[in-house]
Amino acid sequence: LSLETPPTRTAQPRASLQDAWTLTRERGLALHVDGARIFNAVVAYGCELKEITQYCDSFTICLSKGLGTPVGSLLVGSRDYIKRAPRWRRMVGGGVR
């Protein structure tokens, strides 16, 4: 299951992330958060990043959205997940220019 942090100034209720985590555990699924604007959610919730990401199996951080850097993204997950990421990126067309 993949969730996205919204581009608006309003973050989804934290309970919805906890509900998604519970649902994925019950169904044997993984939970990924597209954290393009995850630091906006941190500010909106008034918490630390780890309080949001504790419910994720993996998440991304976009360095240009919200933080204003010219380019860059981070993928965060288990060592095994990161090892498999390049293959999945190619399968879904990532890196095609």
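The values are calculated or read from the model by the stated rules, or taken from the named source; none is laboratory data. Just so it is clear, the model here is predicted, and its values are computed rather than measured. Positions of Cβ are backbone-derived with ideal geometry, glycine not excepted, and every protein chain shown enters the neighbour counts.
Among the criteria (1) surrounded by 19 or more Cβ atoms within 10 Å (Cβ to Cβ); (2) among the aliphatic types (A, V, I, L, M); (3) more than 24 Å from PRO86 (Cβ to Cβ), the one ILE61 does not fulfil is (3).
Listed by first and then second residue, the pairs linking a residue in segment 65-82 that is within 13 Å of HIS32 (Cα to Cα) and surrounded by 14 or more Cβ atoms within 10 Å (Cβ to Cβ) to a residue that is at pLDDT 90 or above and not polar (S, T, N, Q), with Cβ atoms under 6 Å apart and 6 or more places separating them unless they lie on different chains, are VAL76/PHE59.
Restricting the search to strands (runs of 3 or more DSSP E) fully inside segment 2-92 and requiring at least 3 residues that are touching a strand residue (DSSP E or B) at 6+ places or on another chain (Cβ under 7 Å) and modelled with pLDDT of 85 or more gives 32-34, 58-62, 73-77.
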